[in-house]
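The values are calculated or read from the model by the stated rules, or taken from the named source; none is laboratory data. On a predicted model such as this, the values are computed, not experimentally measured, just so you know. With ideal geometry, Cβ positions are generated from the backbone for all residues, glycine too; neighbour counts draw on all protein chains shown. Only protein heavy atoms, including side chains, enter the accessible area calculation; ligands, DNA and RNA are left aside. Shrake-Rupley method; radii C 1.70, N 1.55, O 1.52, S 1.80 Å.
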Amino acid sequence: MKPATLRAAQLAAPKQQRNWDWRAAANFICGGAGGGLLLFAAFAGFGRGATLASLLAGMALIGTGLTCVWFEIGRPWRALNVYRHIASSWMTREAVVALAVFGCGALAVLTGSVVAAVFAGICGGAFLYSQARILAANKGIPAWRHPASVPLLVATGLAEGATLALAIGALAGAVIGVGLVVAALILVLVRAWAWWRYRAGLGSTGAPEAALRVLDGFAPRLLWLGTVLPALALLALLFGMPGLGPVLLLVVLLAAGTGAWLKYTLVRRAAFTQGLAIDHIPVRGRGPAGPAVKPGWKPASQG
Amino acid sequence: MTRYAMSIDLRRCVGCQTCTASCKGANATPPGIQWRRVLDIESGEFPDVRRSFLPIACMHCGDPPCEAVCPTEATTKRADGLVAIDYDLCIGCANCVMACPYDARSIVHEVRYAYGDAPMASEAKRFDPGRIGVSMKCSFCKDRIDHAARTGQKPGVDPEVTPACVNSCISGAMAFGDLDDADSGISRLLAETQHFRMHEELGTAPGVYYIWDKS
C-alpha cells in the first residue's frame, strides 16, 4: 500500500500500521474461528455427520486464513522457510500446529476416528492460542502487545467456535446438548469480560490516543450486538423457545460476526505503532533540559 | 567480546539530514525508504516551545523483538551486537516490522525508481532484486564492520570501517564504537554524559544512546 504523506511534526507520533492488510486480518478472523470450531466439533458430542461437517468447516476456515496470508507475504514461494524458527517464533509454531490440524482433521474425516477428531480439536485450540500469541509478541503495536490481548483473542475464537458448532450441528440435524448452549453463553459473556479487562489494561499502561479512540468506538457494538443480543438468544434456546433454526442463525451471525469485527478492528484499525519519543529534551546553549516528549500518547491511567 | 553501539548527541544535532542522505547514498535504498531519518519534533506550548531533532534508525537491540518473532531466522543478532537480515531467507511476512517499536523496518513490494519506470544510471547499477519483497533496515553498514574484522581497523576510529551516517555528521553528534572496550571513544563519551535509550521500558536493550546533557 502506498503510505500516506505525513507532515514532519507527525512523523514521531504513532501511525496506523500498513503492512498487514485485510489478508492478514482474514487469517486471524478465519483461523481463530476455525480453531475454536474444531475444538467444539471434537467435544460437542455430535453424531458422525455433524462432527465431520464441523471438522471440514473448521479446516476450511483455517485454510482460507492461511491462503489469504500467503497472498500477502512478499516472497510466497519461500513460504516453507516459516518452519525454521520454532524456538521463539509464534508464527512458526502456528504453521507447525496447522500441519497437525490438517493431518489429524483429514484422518478424522477419512476414517471417522474419534481419537483423531479429538486430536484435531486440541490442535485447533493450539492454533487459536498461537494466533493470539503472534499478535501479543509484537512490541511495536501497543494495542497488541498488552498481555490481556491473549485471553481476549482466545475467548473470541472460542465464542465463535461454540456458536458456529451450534449452527452446524443444528443444520446437520444433530441433537444439540444443553452443555453446548451453556458453553456458548458463558463464552460470549467471557469474551465481553475479556474485552473490558483488556481495555482497562490499556488505559492503565497507556496507549496511543488514536488506538483508544478506535477501540472505544467499537465497544458499544461488542456490548449490544456481540454480547447482549446473542446472550438473550442463547437464553431463549435454553428455555425452549420455539423456532430453533432462526434463533441459532441469529446467535451465529451476531456472535461470530462481532468476533470477526473485533479482530478486524484490532488487527487493522486499532493497530497504531509505538511512535517515537524523547526522554529528555536536550540542553541547548544556556537553556536547561526539557521534559520528556511522547507525541500522540495518552499517559497511563488517563486512558 | 565486542558490542558495537552508537551514540547521538541531541545537543549537537542540527537536523541537517546529511546522515539521511549519506545513508541513502551508501545503501542505495529505494525511493520513500530511509534507513536513517532525522525527525523534527516540536514540543511545549507558546511561549515556552522547544524544537528538537531526533535521528533514528534500527537500534540494534541487545534483545531484539524482531529476531524473536522472525519465523525464518532471517533476522539474527550477531556476536558483535549487530542485528542483521539474510535477504535470501526472509519471506516478507512483516512480523518483524510489527515487532519493532522504532519504525525501523520496511518492505518494498515492487520495484520503484526515483523518476518513473526507468532507472537512472546509478539506480540501474546498484539495484538489488534480492531486497524486493523482504524486510530491510539499517545494518550499521555491516559490510564496513566485517571489513574491519579482516583488516584490523577500528570501527568508529577509522572512517573506512565506520557507518556512513557517523562519517557524514557535520556537527560530530554521532559516535560509533565498541561498548565493551572501556577505552573506546563511545565508552568514554557515555561515561561523561547523561543519556537515555529510547523505549527502554520495553526491554529491548537498544544499542543507540541519546546524549542530552553532561554528567
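Observations on the structure shown:
- Taking the stretch A:1-42 as the range and being over 23 Å from A:L262 (Cα atoms), outside any loop (DSSP other than H, G, I, E, B) and either at pLDDT below 95 or of a type in the set (V, I, T) (or both) as the test, the residues that pass are A:A8, A:A9, A:Q10.
- Looking across the stretch A:134-167, the residues that are within 20 Å of A:R93 (Cα to Cα), touching a Gly at 6+ places or on another chain (Cβ under 7 Å) and among the aliphatic types (A, V, I, L, M) come down to A:L153, A:L158.
- B:G130 vs. criteria in contact (Cβ under 8 Å) with a residue 12 or more places away in the chain, open to solvent by 30 Å² or more (accessible area, probe 1.4 Å) and outside any strand (DSSP E or B): no
- The number of residues in the stretch B:166-191 that are touching an Asp or Glu at 6+ places or on another chain (Cβ under 7 Å) and of a type outside the set (A, V, I, L, M, F, W, C) comes to 2.
- Residue match in the stretch B:135-142 (condition: surrounded by 11 or more Cβ atoms within 10 Å (Cβ to Cβ), touching a residue at least 40 places away in the same chain (Cβ under 8 Å) and among the basic types (K, R)): yes
- In the stretch B:31-56, residue modelled with the lowest pLDDT [restricted to those that are in a loop (DSSP other than H, G, I, E, B) and in contact with a strand residue (DSSP E or B) (Cβ under 9 Å, 6 or more places away or on another chain)]: B:G32
- Candidates in the stretch B:175-215 are the residues that are without any contact (Cβ under 8 Å) to a residue 24 or more places away in the chain and open to solvent by less than 30 Å² (accessible area, probe 1.4 Å); of these, the one that is farthest from the other protein chains (Cβ to nearest Cβ) is B:S187.
- Taken over the stretch A:115-174, the residue count meeting the criterion of being part of a loop (DSSP other than H, G, I, E, B) and open to solvent by 10 Å² or more (accessible area, probe 1.4 Å) is 7.
- Within the stretch B:94-117, the residues that satisfy the criterion of being within 13 Å of B:P31 (Cβ to Cβ) and assigned to a loop (DSSP other than H, G, I, E, B) are B:V108, B:E110, B:V111, B:R112, B:Y113, B:A114, B:Y115, B:G116, B:D117.
- The sole residue among A:G290, A:G303 that is modelled with pLDDT under 85, open to solvent by less than 60 Å² (accessible area, probe 1.4 Å) and closer than 30 Å to B:F53 by Cα is A:G303.
- Some residue of the stretch A:28-35 being within 12 Å of another protein chain (Cβ to nearest Cβ) and not basic (K, R): no
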